[in-house]
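Peer 1: Below you'll find the structure I mean.
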Amino acid sequence: MRDEVKSGVLVVGHGSRRQEANEDVREAARRIAERGGFPLVEAAFLEIEHPNIDEGFAQLVQRGAREITVHPYFLSPGRHTRGDIPVEVEEAAKRHIGVNYQITEPLSAHGLVIAASVERICETIGRQIEKETDDKTGSDAPYKAERGTVYLVGAGPGDPGLLTVKARDLLESCDVIVYDYLVNPDLLGYVPDGAERIYVGKVGGGRQTPQGEINYLLIDRARRQGRVVRLKGGDPFLFGRGAEEGEALRSAAIPFEVVPGISSALAVPAYAGIPLTHRDLSSSVAVLTGSRSGDGALSRTLAAHSSTDTIVILMGVTHLREIASDLIAAGRSGETPAAVIRWGTYEAQQTVTGTLRTIADRAEGSGMRAPAVIVIGEVVALHERLQWFESSFRGYAFEDLGLAVTAAV
């Protein structure tokens, strides 16, 4: 066993506006320290609450830890445990030369977790008999996936309540689902247990499934007479490569349908109390992608749309400072209101506002990073008056179940 004086454990929870959820993480850290006999244990949070991962890591180092084990206090593996936490921990470790770290697997299907789950299930069955699982697919559902057909389905921006009825019915009747990083894992609960689930997303900058491979998967499963749902965050035809997949399917003579989804370009500003149009403030809207900054295409696009009343930029927070500078250089006033909205439509949603001149510094100071939506224009000034979601959320805390949350295109 490693030298206990120099070993530490960082228990990482999601972080919530509900303090009871945060206290649960702190209590878990205390019990882990007690039951495991670990002398150096700190709780930290991925979002909203403090200490964050960087601060918690530093606290352990200050207490003498030189070997740090990071334990994600999440039930299931997902985008946070596979993406956000490793990135945050790596950045924190760079500030402390000579300190090593490792990250545990989440609890997932550990035997003790299964035992506790069975106990809770038996308790519930004793009070109420639930419907058979097969009932949820409902024989009277108006939309059913057909064999040999691919459905390019928009999953919406994140809030499961914004999924369309048709999308839900197709999920319930498919036997193959091919899904992206920007899909709320809650939606997979609609998919039948026996369906084949194929993940083809990426964590920014990480492994990405080549588009050609995705096209092949869709064609192959359809030729096997599968009922195939290609589930994409947001809308499949708005920066979702849905058209490319549709072209590949048409070339292969595979029947397909497109099921539009609510785009984060529309929903996320609305959840932040920012209307994209207003009779007195905005009569034009441009939706742009910020993912092509390196080749100069973004600068040219911004210049062409600099006079549009409202500009919405997806996948651009990494280049926020460049975006603001380009717009000012193109003639847009530096005092134009601007906002960055992260985790849009989820409880963890955060909004930072400023002007083109100040927004990059404010966003950086608040730790804003992808996934986020940028809104630029006079309509942003209505945020304070019209915000409703962040200040009055009454929904269920998804992160308390260990589920990943994200904003979709």
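Peer 1: Sum up the charges of everything whose Cβ sits under 12 Å from the Cβ of T336, counting Lys and Arg as +1 and Asp and Glu as -1, but leave T336 out.
Peer 2: Local net charge: -1.
Peer 1: Within segment 305-335, find all residues whose amide N lies under 12 Å from a label point positioned 7 Å from the Cα of R357 along Cα-to-beta-carbon.
Peer 2: Flagged as within label range: 333-335.
Peer 1: May I ask you to list the residues of segment 164-184 whose amide nitrogen lies under 16 Å from a point 7 Å from Cα along the Cα→beta-carbon direction of R197?
Peer 2: 171-184
Peer 1: Using the Karplus curve 6.51 cos²θ - 1.76 cosθ + 1.60 with θ = phi - 60°, what ³J(HN,Hα) values do you get for each residue of segment 16-32, in whole Hz, with x for Gly and Pro?
Peer 2: With the stated coefficients, segment 16-32 comes to 8, 6, 8, 5, 5, 5, 5, 5, 4, 5, 5, 5, 4, 4, 5, 6, 4 Hz.
Peer 1: Using 0.36 nm times the number of residues separating R224 and A304, minus their current alpha carbon distance, what extension gain do you get?
Peer 2: So the chain would gain 24.2 nm between R224 and A304.
Peer 1: Oh, and also: Could you compute the net charge surrounding M368? Neighbours are other residues with a C-beta less than 10 Å from the C-beta of M368; K and R count +1, D and E count -1.
Peer 2: Residues near M368 contribute +2 overall.
Peer 1: Could you tell me which of rounded, prolate or oblate describes segment 4-103, using a ≥ b ≥ c as the square roots of the eigenvalues of the alpha-carbon gyration tensor, with rounded for a/c under 1.5 and, failing that, prolate when a/b is larger than b/c and oblate otherwise?
Peer 2: oblate
Peer 1: Continuing with this model, one more query. Once the Cβ-Cβ distance between Q208 and D280 is put in as r, and R0 is 51 Å, what FRET efficiency do you end up with, to the nearest 0.05?
Peer 2: Once rounded, the FRET efficiency stands at 0.75.
Peer 1: Sticking with this one: Compute the FRET efficiency between K6 and V165 as 1/(1 + (r/R0)^6), taking r as their Cβ-Cβ distance and R0 = 51 Å, and round to the nearest 0.05.
Peer 2: Efficiency at R0 = 51 Å is approximately 0.35.
Peer 1: Tell me which residues come under 5 Å, amide H to amide H, from V259 once H is placed; ignore anything under 5 positions away on its chain.
Peer 2: L152, V153, G154
Peer 1: Would you calculate the separation in nanometres between label points at D24 and W388, each defined as 7 Å from the Cα along the Cα-to-beta-carbon direction?
Peer 2: 2.8
Peer 1: Apply the Karplus curve 6.51 cos²θ - 1.76 cosθ + 1.60, θ = phi - 60°, to the phi angles in segment 281-286 and return the couplings in whole Hz, x for Gly and Pro.
Peer 2: 10, 8, 10, 9, 9, 10
Peer 1: Calculate one ³J(HN,Hα) per residue across segment 226-236 by plugging θ = phi - 60° into the Karplus curve 6.51 cos²θ - 1.76 cosθ + 1.60, and present them in order as whole Hz with x for glycine and proline.
Peer 2: For segment 226-236, the Karplus-derived couplings read x, 8, 9, 10, 9, 9, 10, x, x, 10, x Hz, x marking Gly and Pro.
Peer 1: Another one. Would you calculate the separation in nanometres between label points at E335 and R17, each defined as 7 Å from the Cα along the Cα-to-beta-carbon direction?
Peer 2: With each label point 7 Å from Cα toward Cβ, the separation is 3.1 nm.
Peer 1: In nanometres, what is the gap between the two model label sites at A252 and E91, each 7 Å from Cα along Cα-to-Cβ?
Peer 2: It works out to 3.8 nm between the two label points.
Peer 1: Ordered by packing density, taken as the mean number of other Cβ atoms within 10 Å over each peptide's residues, highest first, how do 174-184, 32-42 rank?
Peer 2: Going from most to least packed, we get 174-184, 32-42.
Taken together, the values in this text are just the output of simple stated rules run on the coordinates, not laboratory data. Being a predicted model, the structure only gives us computed values, none of them experimental. Cβ atoms come from the backbone with ideal geometry, glycine included; neighbour counts cover every protein chain shown.
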